[in-house]
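Please treat every number below as a calculation from the coordinates, not as lab data. Just so it is clear, the structure is predicted and the values come from calculations on it, not from any experiment. No Cβ is skipped: glycine too gets one built from the backbone with ideal geometry, and neighbour counts run over all protein chains shown.
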């Protein structure tokens, strides 16, 4: 699906598509016309740390940043940076809850918004894109654990009942400030490791 956006009338930003938004680092960005130079890991870490999982329907606050940090430790030798960054597009468009996002009538709309942003972020940080299957496995494993441990409804449904959750995959229940710091720390660790590996060096 292709979505057509009108050009911005914001002074100094003529020609940009769609409306602008404010980001943590104090800039304007255009989420429907995002450019690589506008993507900042500080915005990603901060925005994701302030967004609660499951639209806030949790027992305890757990951020998207914490979810992503945990995902990066599932099979950590396989695509950990992609796992950490898999929800980075939510910096700019947030998430839709699954009962809405996966409706056949609405899924193409969300993907039409999400995919261009993911591509820009992937290019910015040298991520594999489309994300490899390992990312989906990690995400679904963490989701299953979150439903088990942080949703009050005793009727958990049949969400991935067959999935084995490794014992080290656990919620931390970090504050936004802590989640932001840990996300940035993990990002730095993984990008340094990837850079060293590209030069044939050990991290």
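Structural remarks
- Length-normalised contact order for the stretch 21-189 - Cα pairs under 8 Å, 6+ apart - percent: 32
- Here is the size of the chain from its Cα atoms: Rg then Dmax, 17.5, 54 Å.
- Mean projected area of the convex hull spanned by the Cα atoms of the stretch 60-164, taken over all viewing directions: 7.2 nm².
- Ellipticity at 222 nm from helices only: DSSP H runs of n ≥ 4 in the chain, each -39500 (n - 2.57), divided by the residue count, give -13500 deg cm²/dmol.
- Fewest-first sequence of 64, 78, 23, 147 by Cβ atoms within 10 Å of each Cβ: 78, 147, 23, 64
- Between the alpha-carbon centres of the stretch 24-89 and the stretch 120-151 there is a gap of 10 Å.
- Take every pair of alpha-carbon atoms less than 8 Å apart whose residues are at least six positions apart; their mean separation over the length of the stretch 1-43 yields a relative contact order of 27 percent.
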